[in-house]
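Read through the structure below, which is laid out as structure tokens, and then see the notes.
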């Protein structure tokens, strides 16, 4: 009897995960800090909270420690933007996590894919 309850719980959980991201493409979570002395956990917590409240599942987490003034071509963010397709989402905690230069914001893909908390 106890085993059956466990199986039912697992089945419900897997069905719940199938429903997540139903009308959305791949979801990327982008976390950036400038120095190794900074912690990424608060950004991860906020992104998880946002996704949980909306029934979303992050497919790919990208963490990097790099200055926001570095050229986007030197950052993991460029790879995410290049890889993202229509319907995909990039989630970050705030605009400043994407960068400190206005150049990044003239990229059309940023407006089409990015969600700010």
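Across the stretch 27-49, the number of residues qualifying as touching a strand residue (DSSP E or B) at 6+ places or on another chain (Cβ under 7 Å) and either in a helix (DSSP H, G or I) or surrounded by 17 or more Cβ atoms within 10 Å (Cβ to Cβ) (or both) comes to 10.
Entry remark, the stretch 50-84: residues being assigned to a helix (DSSP H, G or I) and in contact with a strand residue (DSSP E or B) (Cβ under 9 Å, 6 or more places away or on another chain) number 8 in total. Taken together, the residues in the stretch 85-117 that are in a loop (DSSP other than H, G, I, E, B) and either modelled with pLDDT under 75 or more than 20 Å from residue 44 (Cα to Cα) (or both) amount to 9. Just one residue in the set 66, 7 is over 16 Å from residue 89 (Cβ atoms), surrounded by 13 or more Cβ atoms within 10 Å (Cβ to Cβ) and modelled with pLDDT under 90; that residue is 66.
The values are calculated or read from the model by the stated rules, or taken from the named source; none is laboratory data. These numbers come from a predicted model, not from an experiment. Heads up, the Cβs are rebuilt from the backbone with ideal geometry, glycines too, and the neighbour counts pull from every protein chain shown.
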